[in-house]
Amino acid sequence: MEIGPHHEAARPVTTVNSPMEVSVVVPVYNEEENVLPLCASIKAVLEKEVAGPHELIFVDDGSSDGTFDRLQEIHESYEHVAVIRFRRNFGQSAAMSAGFDYARGKVIIPMDGDCQNDPADIPRLLAKLDEGYDIVSGWRKERKDGLLSRRFPSVIANWLIGRVGGIRLHDYGCTLKAYRADVIKTVNLYGEMHRFIPLLAKWAGAKITEIPVKHHPRRAGRTKYGLSRTVRVVLDLVTVSFLLRFMTRPLQIFGLFGLGALFAGFVSGAATVFLKVVSGVDMTGNPLLLLTVLLFMGSIQFVCIGLLGEIGVRTYYESQSKRPYFIRTILGPGGKDVGRNKG
Ligand code: UDP
Ligand code: MG
């Protein structure tokens, strides 16, 4: 089955009536030595400690080593495994996204494919979710990664993300989380966005909490990231913080800049004329004249960008029949729970 940006997701979005309880989603990129032991440990936990039907979905993100061969072996020997293979490396967010689209479980649990997350935490995440949360985030309290390359940048990044998004989680970057499917399926992932899922989901009204989870050092294969990831995360944070605030009303931010520039232009223009009249300062030789022109032009541009944004937002929502709200439940007439919408 081919799934790509121009194809419909392989499975329908609604999971309300799904008999499947839990879907574990594992993005893997060149993890040939890790997939077999990882699969065995996830399988053990799912079979012994998770009630109800479950599935394990591997997304091979264009691996160039033997990962896919290992996955094929797993697929043949274990009936609850599905494998999605990308044509090339599209990145961890894209891989997770494909897994989320394909998953049928009422709860979706992504995990790293390098055995750094521990499947033994899955039952605890599920138990916490049952307390009434939509997302339970893992917190690698004792993280087994390099101090300077990982843990230090991560403290700053988590603080920054928390400030922007208004939820304080210790560890946005931890892949191991538990999501209610109807929440995660409304979130679209681009760039390095998977770490911002809690923010995007909170925008959609999700209830979020965190619990400490175990973390192990990488035992085989190499990490796919270095310090440069920090820069990309910060840039994605700019996108997310804009989306969170002004997704449905871009003119309200750009228009504000436009009005500010217009006002400053008037002040600067008035000062130019005032200086000419009172002190005889030559207008063409006065840099304030240039500033005035710049501000007026800037103000027009800001307003136009805002208006274009408004058109873009309408296209986004109306072309896909999306609604600018998310419903938790509808209690219809006749005492029936009519169900949820997909937003
Ligand atoms: N990964 C992926 N595509 C990529 C990079 C990474 O699917 O382009 C997977 C990788 O195989 C692993 C997970 O994402 O299962 C996390 O990657 P990694 O362990 O390198 O990140 P770290 O734990 O070092 O932050
Ligand atoms: Mg890792």
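Averaged over its residues, the stretch 234-329 has an accessible area of 66 Å² per residue, based on protein heavy atoms and a 1.4 Å probe.
In terms of accessible area, using a 1.4 Å probe and ignoring ligands and nucleic acids, H80, H215, H170 rank largest first as H170, H80, H215. Accessible area per residue was computed with a 1.4 Å probe on protein heavy atoms; Y190 scores about 150 Å². Counting only residues at least eight positions apart within a chain, or on another chain, the aspartates and glutamates with an alpha carbon under 18 Å from that of K214 are E49, D112, D114, D118, D121, E142, D145, D171. Calculated accessible area for the stretch 105-171 comes out at 44 Å² per residue, all protein chains present (probe 1.4 Å; ligands, DNA, RNA ignored).
For the stretch 114-156 versus the stretch 54-105, the spacing of their alpha-carbon centroids is 21 Å.
Other residues within the sphere of radius under 15 Å centred on the Cβ of T248, judged by their own Cβ, net out at +3 (K and R +1, D and E -1).
In terms of its C-alpha gyration tensor, the stretch 102-172 comes out oblate, because a/c is 1.5 or above while a/b does not outweigh b/c. Computed with every protein chain present, the accessible area of V278 is close to 100 Å² [probe 1.4 Å]. Tell me the Kirkwood radius of the stretch 52-203: reciprocal of the mean inverse pair distance over distinct alpha-carbon atoms, in Å. Kirkwood radius, the stretch 52-203: 16.5 Å. Protection proxy ranking, highest mean first, for peptides 179-188, 119-128, 135-144: 179-188, 135-144, 119-128, where packing is the per-residue count of other beta-carbon atoms within 10 Å, averaged.
Could you check which residue among A270, A44, A220 shows the biggest mean-square fluctuation in a GNM of the chain with a 10 Å Cα cutoff? Result for the chain, Cα springs under 10 Å: A270 fluctuates most. Normalised radius of gyration (Cα atoms, divided by 2.2 N^0.38 Å) for the chain: 1.24. Please report, as a whole percent, how much of the solvent-accessible surface of the chain comes from carbon and sulfur atoms (probe radius 1.4 Å). The nonpolar share, carbon plus sulfur, comes to 60 percent. When the alpha-carbon atoms of the stretch 212-325 are used, the pair Rg, Dmax equals 23.7, 77 angstrom. Computed over protein heavy atoms with a 1.4 Å probe, the accessible surface of the stretch 25-102 works out to 44 Å² per residue. Of the DSSP H helices in the chain, those that are both long (alpha-carbon extent of 18 Å or more along the helix axis) and hydrophobic (Kyte-Doolittle mean at least -0.5) are 35-49, 152-165, 228-246, 251-279, 287-319.
The values are calculated or read from the model by the stated rules, or taken from the named source; none is laboratory data. Model, not experiment: these values are computed from the prediction. Reconstructed Cβ throughout: ideal geometry from the backbone, glycine too, with neighbour counts over all protein chains shown. These area figures cover heavy atoms from the full protein model, side chains too; ligands, DNA and RNA do not enter into them. Shrake-Rupley method; radii C 1.70, N 1.55, O 1.52, S 1.80 Å.
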